[in-house]
């Protein structure tokens, strides 16, 4: 019996002295680690454990024998508020009892396909060109430089710069340089071939040593296949793999010594002190399990720090901690989970991820039934409001600035777990019972509709929280018997058990298409298989920063294969992202990928054995596989290529299920759609992950500095595939370069306009994908993903809280696992463009300049036969900021008077004096010229030019109808203040856009109540208030916000609530994934 739990190793007992720690009793084969306290997720009573194994079709006798022999740890707890008392077992330990080591490991066969007929796949990708790569910050300082970089000729300089800077190994010591020189001929990696060679060697060499292949020939074929896939930009592994993998294998460089944990030969986690590259860190996603004790909280803080140091992000469920003011066993009251969450966030902000410039990223989850849920939901709103106050007071912006570093929660994404019944209560009326973490007793309740509205308001206000759909998550959980899924990684694509990790890889969809976009099904299937093998090797060959993760994670061997460039693929094919056809193609490709991944996983299980806990979870896992397969019936049918891909997917799922029933699976999860940040440059992607095109325009860096606008790569291909001539394409591309949309472009046919809709359109609403279209794409793809999908679901700035609310409800109805939203300009940080003082709060007397390019309106009238022009220049929000009179001849007394008055008023307006205070004194002033007024529809008499100006501005900007001579004829919608929004702005000056109560009751921001018509004329005219378009701003104008890159100093693009990406150097801040 003791021989059964040995993983890939030889016999139990090797390295035993290394693991006799943390109270482990010798001989406890199935309990290598001890839980120090009661864990409601892991611990199951002895009686329930016996019932569980019986209901799962497993032999009770095997568990009884393990208990009798002392091979499994039995926990005894006294009855208390958290457990009934008595004997308990750890679910993870039980899973090990039912694992049986394969009697023989045969490995698998790999034959050449992508490398077939190629003597050297890396050389065949040539010819290579020498590139001079240099990145400077905004002050002209060189941040990165490589004069002799080698890349295939097709590579663009921008992609090459980021890949070389981020991934090429550049040693510091002379000894390490010599080691690299022996292999590459240079002191550092300078060729793309160097990077791909070492990564591919790592997987092939380690895989062969671990018995993955049936022969050396298969191992060599595997290496060459990986080289071909990567050099052809079809496949890329997550960033930690590219940072670390193969440096020891190819160059013999061990790296700096670190204390890490590896999977030992007996399947146990071993602590080793060795070079960082011997067993490199290859995982991007981590989940930690929080335990409700001070010791557990402090240990979590240390473990998070270790994960950040290794270059990865982490998620956890803060709801595991008892609520604020709950009684402590030693006396006193708990400070609550929010207090510790703030500690975790500050710690993350102090640690650069992997020593890089990118900040550490966190995800924190809380259940809707937690007593502190309302404080949790509003936490980031409160912190962001503090930041805005500091920015308005003049504190520096940016992630490293005084404002952001002073407030909290700038390194953590937050999400609320909501059940199906929560949504039913929200929509139909009902309350959610709040239950104490200590004993499960009901300690309060919250109105479900109000909670969902508060979540929606907070997400509308600052992008957090998102929602994770609890019932869907647990329904599609392959390992239910081992415990529930409590949390996710920072970007929410990896959902699994506590204390596990996942390594990611992505396939570039457009590289599996020919010039017309036709999809190569066979090549795609083969690439999926090869990636699955490599990712599984990483689970056993890599190191882990935390002991418990090193023990548990390889036993479930979760992997996350995904893809990138879906948006580009659809555009090239001439298929709108927001269309049933687009969603069907995406769903079919995703189904094919995950089905083929599970098929490969079953093949690995046949040759190497299934993952340790498969037998314990056989029933729930096969049930989930059947549900994935059954979802194929929901894909909308289309003839042609989509039908062929769906047919191939059906075949893959049938094979995967049959093989899984016979051999099991090597991996508890197979797929996750990640955001593919930096690796998208490695693959040459125009769009990341599942995202649509962000914009039709991109900016290309010039070697001498500066940028030029270019259209994204898929646009000309799409136009050609849609049948446009070369001349027509040139005309359309020229139009796009100026307008960032095809709306209004020459030659473009109306039915083709939706093909070119993007996430942000032209910045003024044209060509923008709807919020609903983002969510519906997720709904189409989620049924075929093991984990979840990281996606930026964009909302325009004018969107309401109700829009967010309805989006969360739609996500529930479509069966999503997680949904986060990002409303444009919703999060304060710093101004995007130099000189933009959008956060500066101007006090009376402090000058606020008008934009250099601004809206202005001019009225031309005649007073008593005297011509007069009144010109008003406006701030972006519609406020008058400058007044000028054009009248009389130069040198006349009247001209001098009017010029002086215009200058006086303009200076006062710029210093915060209210317009009405300035012009009220003009009312009734009588002087020549005066009399009949012509040229204005409503004002027909004036006592002087100043009297007319008072009437004009009071009527046009304040809506004071009493100023008109023809009051009954005034059409409110024609007045300037209604057109540009200034009248509404004045009405709403007291509204607090950071207050839930104010916003939720406001028709324009909240959207839940109908707007009262300020005045309805007899003709039934209804006033419609539109945001004006500032056509001076060719880039879309508006109050765009981002941050400055700390690496190169350039402006970063905000693409999600806590994620900023630099298109110049590839650096990222916040929870962006890697």
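The values are calculated or read from the model by the stated rules, or taken from the named source; none is laboratory data. On a predicted model such as this, the values are computed, not experimentally measured, just so you know. Methodologically, a virtual Cβ is constructed for each residue, glycine included, from the backbone with ideal geometry; neighbour enumeration extends over all protein chains shown.
When only residues in the stretch 433-452 that are touching a helix residue (DSSP H, G or I) at 6+ places or on another chain (Cβ under 6 Å) and buried (at least 22 other Cβ atoms within 10 Å of the Cβ) count, which is farthest from residue 329 (Cα to Cα)?
452
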The condition of being over 30 Å from residue 1061 (Cα atoms) and in contact with a strand residue (DSSP E or B) (Cβ under 9 Å, 6 or more places away or on another chain) holds, among 435, 461, 417, only for 435
Item to complete: Evaluate the following for residue 105: is it surrounded by 14 or more Cβ atoms within 10 Å (Cβ to Cβ) and at pLDDT below 95?
Response: yes
Expected single match for part of a loop (DSSP other than H, G, I, E, B) and touching a strand residue (DSSP E or B) at 6+ places or on another chain (Cβ under 7 Å) among 158, 126 is 126
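To keep it simple, each residue is scored yes or no on (1) farther than 22 Å from residue 958 by Cα; (2) in the same structural domain as residue 938 (by TED's automatic domain parsing); (3) surrounded by 15 or more Cβ atoms within 10 Å (Cβ to Cβ).
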| position | (1), (2), (3) |
| --- | --- |
| 861 | no, yes, yes |
| 866 | yes, yes, yes |
| 872 | no, yes, yes |
| 877 | no, yes, no |
| 882 | no, yes, yes |
| 896 | yes, yes, no |
| 901 | no, yes, yes |
| 909 | no, yes, yes |
For helices (runs of 4 or more DSSP H) lying entirely in the stretch 405-504, having 1 or more residues that are under 20 Å from the mean Cα position of the chain (by Cα) and on the phi < 0 side of the Ramachandran plot picks out 448-462, 470-475
| Is one or more of the residues making up the stretch 310-330 surrounded by fewer than 24 Cβ atoms within 10 Å (Cβ to Cβ), over 19 Å from residue 37 (Cα atoms), touching a residue at least 12 places away in the same chain (Cβ under 8 Å) and touching a helix residue (DSSP H, G or I) at 6+ places or on another chain (Cβ under 8 Å)? | yes
Those residues of the stretch 735-773 which are farther than 17 Å from residue 691 by Cα, within 32 Å of the chain's Cα centre (by Cα) and assigned to a helix (DSSP H, G or I) amount to 735, 736, 737, 738, 739, 751, 752, 753
Exactly one of 817, 791, 827 is within 24 Å of the chain's Cα centre (by Cα), outside the structural domain of residue 403 (by TED's automatic domain parsing) and at pLDDT 95 or above, and that residue is 817
In the stretch 210-228, anything over 27 Å from residue 126 (Cα atoms) and either touching a residue at least 24 places away in the same chain (Cβ under 8 Å) or within 35 Å of the chain's Cα centre (by Cα) (or both) is listed as 210, 211, 212, 213, 214, 215
Some residue of the stretch 293-300 being modelled with pLDDT of 95 or more and not in a helix (DSSP H, G or I): no
Of the candidates 919, 939, the one satisfying the condition of being within 24 Å of residue 881 (Cβ to Cβ), in contact with a strand residue (DSSP E or B) (Cβ under 8 Å, 6 or more places away or on another chain) and surrounded by 17 or more Cβ atoms within 10 Å (Cβ to Cβ) is 939
Quiz item: Do we find a residue being in a loop (DSSP other than H, G, I, E, B), under 32 Å from the mean Cα position of the chain (by Cα) and crowded, with 22+ Cβ neighbours inside 10 Å anywhere in the stretch 245-265?
Solution: yes
